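One structure below.
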Amino acid sequence: MDLLSHPAWALCALLMALLLWRCWKASWHPGSCPLDLSGKTAIVTGANTGIGKCVALDLARRNARVLLACRSRERGQEALTEIQKKVGNPNVVLRIIDTSSMASVRAFAEQVLREEKRLDILINNAGASGLPISVTSEGLELTYATNHLGAFLLTNLLLGLMKQSTEGRIVIVSSLTHRHGKVDLRHLKGEGMQKFSKDRAYNNTKLMNVLFSNELARRLQGTGLIVNSVNPGIVRTEVMRNYSWILRLIFHAIGLLFFKSPEEGASSTIYCAVAEDVSGVSGKYFDSDCSLVLPCEEARDMALAAKLWDACERATGLSDAKDQ
């Protein structure tokens, strides 16, 4: 057998190509944007680690007032201390939120509305993969609540405050895996998921993120608010923390060579939050290199987006508030 035709050589060639692509792929860099955010307020959910912490650090470096919206008080405090030490911005504060709990989301929003005079940037970054298929005490499926319904409710509760801002921006962190997702409205409450895998539930929520972004942008036309969804790429974060130690080990071993660092993965989110190029651009989907691309066909189905919106209103109790 010709050694050069051996499958191992083909695998090596593929890995080398991926490494070169990883090193050479051009991307917008936050340092190229000198925008100062003095006097503006931002919220970043999931800001205690990974992409969220890097986004919060960048916004704090731009002198914004940044609310670190974290589930863990201990880990959130560690992130707060690190960010303040690096940038010296005393206007970075910790607030507690668990996006899997609609009660927690409401309590967080009430505190923001009570304490903050403005809100210019909302980064819906919090999410998790590998969660068990289960139903919360509020009757919502755990992954759907954590990755989608919490962000849906939070955003709607804060829209009134955001509308007072000049060109406020909402960024919803999705994933390339939204292309493998499907929407079944029964899943919001854990119905029809007996043979579901963890990955399938995650992919479905990422598709819902894009649909939510598109429908929200449509509803906010004429308000000055900008809404976009982003794919941060494959990033070395704690996204695998709910998987087995073997899968985590493989993920991080491969990631050292081929995946983005959290700082690199944060670029597309920061781009949508601060770049002048995004001014006036709403209801779009940005790839990991900060380029404008089309999401999958189902993510562009506006009739489906409207149906999903109505179902999310019912699931989170927003429709009940509107009826009162």
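Quick notes
- Residue satisfying all of: in the stretch 116-141; in a loop (DSSP other than H, G, I, E, B) and open to solvent by 60 Å² or more (accessible area, probe 1.4 Å); nearest to residue 274 (Cα to Cα) among these: 118
- Output for the stretch 63-80, where each listed residue is outside any helix (DSSP H, G or I) and open to solvent by 20 Å² or more (accessible area, probe 1.4 Å): 63, 65, 71, 72
- In the stretch 85-115, of all residues being under 23 Å from the mean Cα position of the chain (by Cα) and of a type in the set (Asp, Glu), the one that is most open to solvent (accessible area, probe 1.4 Å) corresponds to 110.
- So residue 166, is it among the polar types (S, T, N, Q), at pLDDT below 95, surrounded by fewer than 24 Cβ atoms within 10 Å (Cβ to Cβ) and under 23 Å from residue 226 (Cα atoms): yes
- Some residue of the stretch 55-64 being at pLDDT below 95 and either of a type outside the set (Val, Ile, Thr) or touching a Leu at 6+ places or on another chain (Cβ under 9 Å) (or both): no
- Scanning the stretch 267-324 for residues that are of a type in the set (D, E, K, R), farther than 30 Å from residue 57 by Cβ and open to solvent by 40 Å² or more (accessible area, probe 1.4 Å) yields 297, 298, 300, 301, 307, 310, 314, 320, 322, 323.
- Filtering the stretch 65-93 to residues that are among the aliphatic types (A, V, I, L, M) and either in contact with a strand residue (DSSP E or B) (Cβ under 9 Å, 6 or more places away or on another chain) or at pLDDT below 95 (or both) leaves 66, 67, 68, 69, 79, 80, 83, 92, 93.
- Selection of the stretch 196-205 for residues being open to solvent by 10 Å² or more (accessible area, probe 1.4 Å) and either assigned to a helix (DSSP H, G or I) or more than 17 Å from residue 132 (Cα to Cα) (or both) yields 198, 199, 200, 202, 203.
- Among the residues of the stretch 125-148, those identified as within 14 Å of residue 208 (Cα to Cα) and hydroxyl-bearing (Ser, Thr, Tyr) are 143, 144, 146.
- Residue check for residue 2: at pLDDT 85 or above and among the acidic types (Asp, Glu): no
- Restricting the first member to the stretch 160-174 and to residues that are closer than 10 Å to residue 213 by Cα, and the second to residues that are assigned to a loop (DSSP other than H, G, I, E, B) and at pLDDT 95 or above, the beta-carbon pairs closer than 7 Å and six or more apart or on different chains are 170/225; 173/125.
- Scanning the stretch 192-216 for residues that are out of contact with any helix residue (DSSP H, G or I) (no Cβ under 8 Å at 6 or more places or on another chain) and under 21 Å from residue 306 (Cβ atoms) gives a single hit, 213.
The values are calculated or read from the model by the stated rules, or taken from the named source; none is laboratory data. Computed from a predicted structure; not experimentally measured. Every residue, glycine among them, receives a Cβ derived from its backbone with ideal geometry; neighbour counts consider all protein chains shown. Quick note on the areas: whole protein, heavy atoms, side chains included, nothing else; ligands and nucleic acids left out. Shrake-Rupley method; radii C 1.70, N 1.55, O 1.52, S 1.80 Å.
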